[in-house]
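FYI, it's all coordinate maths here, none of it is from the lab. Bear in mind that the values here come from a model prediction, so they are computed numbers and not experimental data. When we count neighbours, we look across all protein chains shown, and the Cβ atoms used for this are built from the backbone with ideal geometry, even at glycine.
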Amino acid sequence: MLHTLDLRGAIVPFSLLKVIREFKLMNPGEALEIFWSDPDTPADLFRILPDSAYEVENFEKTADQDPSYRIKLVKKQSVKSNQGGQK
């Protein structure tokens, strides 16, 4: 399933909260496509999402009239920790 967020023109802190919320609702293997206009947003995004949680499938500048960018992230399989105390 492909989830899409168009955050072009959105306020960055609020848009990052939307990304986190959408990402948490996704199942492993699903993709999230994000459009935005602020060139600094990817750096902020990569700071808030753990490296082990996603794979970048595509990252590009779009050919729109105004500068905008598109990234497609695929959620990775979550790794369960050993909470049973087994050795």
Net charge of Cβ neighbours under 12 Å - reference Glu60; Lys, Arg +1; Asp, Glu -1:
0
Taking 0.36 nm per intervening residue step and subtracting the Cα-Cα distance, what contour gain separates Phe35 from Asp66 on full extension?
9.9 nm
Give the calculated FRET efficiency between Val12 and Gln77 to the nearest 0.05, with a Förster radius of 22 Å applied to their Cβ-Cβ distance.
0.15
What is the spread of the Cα atoms of the chain along each of their three principal axes, largest first, in whole Å?
58, 24, 18
So how many Lys-Lys pairs in the chain land under 28 Å Cα to Cα, not counting same-chain pairs under 8 apart?
15
For the chain, what does -39500 (n - 2.57) per DSSP helix run (n ≥ 4), summed and divided by total residues, give at 222 nm, in deg cm²/dmol to the nearest 500?
-7500 deg cm²/dmol
